[in-house]
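The values are calculated or read from the model by the stated rules, or taken from the named source; none is laboratory data. Remember, predicted model here, so these are calculated numbers, not experimental data. Positions of Cβ are generated from backbone atoms using ideal geometry, with glycine treated the same way; all protein chains shown enter the neighbour counts. These accessible areas exclude ligands, DNA and RNA; they are computed on the full protein's heavy atoms, side chains included. Shrake-Rupley method; radii C 1.70, N 1.55, O 1.52, S 1.80 Å.
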Amino acid sequence: MNKSTVLFFDSGMGGLSVYQEAKKLMPDNHYLYCFDNAGFPYSEKSEETIIQRTLYICKKINQDYPLDAIVIACNTASTVVLPPLREQFSIPIVGTVPAIKPAAEISQTKHIGLLATKGTVKRPYVNDLIHKFAAHCIVERLGSTKLVEIAEHKIQGKSVDLIALKNELSPWASIENLDTICLGCTHFPLIKDEIQICLPQVKNFMDPGFAIAKRLQFLLDKLEVRSKLEVKNQVFCTQDVENKHQLEQALALWGFDGITVLK
């Protein structure tokens with residue numbers, strides 16, 4: 001059986017939370033992961049910059065590794081890059097959308113929170129999702145770059161700064177009937193347990209990773225696989241990383257073999 005070659009793309013390491021769901025569901029595929037550390041974080045970048053960087057990187061990787069699908073494992077990028085990517089590629093492009101709909105459905109108090117990056121919480125796309133699926137709910141929004149950095153540190157094997165985390169989440173600490181949080185950044189499932197410690201009143205954390213993996217599986221099942229390569233799962237980045245050896249050791253636990261800097 002030929003393996004499908006799938007690229008997961010994010011500005012940082014958050015997309016690993018989506019990748020791990022896909023790998024559980026489809027362990028035999030060939031997985032590539034690229035984090036655009038030269039452009040990190042995307043929440044502070046213009047839409048045009050995000051589009052240009054994403055298109056360039058995905059095209060470059062596709063030249064050497066013919067891709068069967070691309071997963072934009074980044075909420076901020078997904079709000080702007082999906083249409084231009086689909087114009088350039090004939091393969092399936094899967095985006096990441098904040099799980100507003102299931103959050104609104106599962107909440108008993110109908111008081112929910114969207115925890116995302118500063119860029120995502122402001123996007124018109126998110127306003128539309130809330131209007132369409134959560135008009136009957138009170139929806140709190142909290143945009144944070146700090147939480148992304150905390151999650152990045154955790155992946156690299158560093159300890160989570162619970163005090164800094166608690167300070168970031170403090171606007172929600174006193175909202176007693178906030179029972180459901182939509183994790184609107186792919187980094188945040190990686191620190192879900194720590195978020196739970198800081199917000200004990202929250203009963204439900206909605207993470208789109210599994211739904212994205214199911215969608216990817218559905219699309220790949222309909223395809224004739226392009227790639228015949230027998231290569232290892234590997235990681236790409238866009239500039240040199242500090243503590244490369246330590247990071248490679250951490251990524252090996254996720255099933256990846258080494259880091260290559262895209263030139």
Ignoring any ligand, DNA or RNA, what whole percent of the accessible area of the chain comes from carbon and sulfur when the probe is 1.4 angstrom? 49 percent
Relative packing of 239-247, 68-76, 163-171, 150-158, which averages over residues the other C-beta atoms within 10 Å, highest first: 68-76, 150-158, 163-171, 239-247
At R0 = 41 Å, FRET efficiency that the Cβ-Cβ distance of residue 193 and residue 52 yields, to 0.05: 0.70
For helix 16-25, report the angle its Cα long axis makes with the longest principal axis of the Cα atoms of the chain; keep it between 0 and 90° and round to the nearest 10°. 70 degrees
Taking a ≥ b ≥ c as the square roots of the Cα gyration tensor eigenvalues, with a/c under 1.5 meaning rounded and otherwise prolate when a/b beats b/c, else oblate, which class fits the chain? prolate
Euclidean distance of C-alpha centroids, region 181-200 and region 1-72, integer Å: 22 Å
Would you give the gap between the C-alpha center of region 108-132 and the C-alpha center of region 201-263, rounded to a whole Å? 26 Å
Set the Förster distance to 22 Å, then compute FRET efficiency between residue 135 and residue 176 from the Cβ-Cβ distance, nearest 0.05. 0.45
Using all alpha carbons of region 117-237, what is the percent of pairwise distances in each 10 Å bin, ordered from the shortest bin to the longest? 10, 33, 32, 17, 7, 0
Between the helical axis of 146-155 and the dominant principal axis of the chain, each derived from Cα atoms, what acute angle in degrees is found, rounded to the nearest 10? 50 degrees
Helix 209-221: inclination vs the chain longest Cα principal axis, degrees, rounded to 10, gives 30 degrees
Starting from the Cα of residue 221, step 7 Å along the direction of its Cβ; do the same at residue 246; then give the gap between the two resulting points in nm. 4.3 nm
Is there a pair in 122/244; 60/158; 166/214; 101/244; 59/222; 132/214 whose C-alpha atoms are over 29 Å apart, and which pairs would that be? 122/244; 60/158; 166/214; 101/244
How much length, in nm to one decimal, is gained on full extension between residue 159 and residue 106, taken as 0.36 nm per residue of separation minus their Cα-Cα distance? 15.9 nm
Can you compute the helix-only [θ] at 222 nm over the chain? Use -39500 (n - 2.57) per DSSP H run of at least 4 residues, normalise by all residues, nearest 500 deg cm²/dmol. -13000 deg cm²/dmol
Along the dipole axis of the chain (charges at Cβ: +1 for Lys and Arg, -1 for Asp and Glu; origin at the Cα centre), the most positive-end residue among 125, 42, 8 is 125
